[in-house]
Amino acid sequence: MGVQRTQVGGVQPFRQRCGGSAEDGRGRASDLLRGRVLIEMYNAQLIGTWRRLKVCHNARCHEVFFDQSKNNSRTWFDTAACANALNLRAYRERRKAARFSDLSERDPG
């Protein structure tokens, strides 16, 4: 199993050759992909970029994104779509709860 270094965007990830490639028929493409993903995950942890890989907080979205904010605080894949939709749902729930509490306060018994 040989390991080669390749230059990609200023970062030097490792490329692992798993006994062949999909092109020459000696290796399975899924095994090669799995190995390359694991290596890139390891490299991201080493250089400190792993913590910037996040999943959108909107339960209906689940997109994975790379947080490029200065303080690593981004929580939405798309603020216009994901955050607004979630905030609107929360607002409607608060408004509904407020209406219900107003009705229960007015009812004498």
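Nothing in this text is a laboratory measurement; each read-out follows from the coordinates by a stated rule. In this text, all values refer to a predicted model and were calculated from it rather than measured experimentally. Every residue, glycine as well, gets a Cβ built from its backbone with ideal geometry; the counts of neighbours run over all protein chains shown.
The length gained by stretching the chain between R34 and H57 to full extension, at 0.36 nm per residue less their Cα-Cα distance, is 5.7 nm.
Counting other Cβ atoms within 10 Å as a rough exposure proxy, the listed residues K70, K96, K54 run K70, K96, K54 from fewest neighbours to most.
Packing, taken as the mean count of other beta carbons within 10 Å per residue, orders the peptides 74-80, 29-35 from highest to lowest as 74-80, 29-35.
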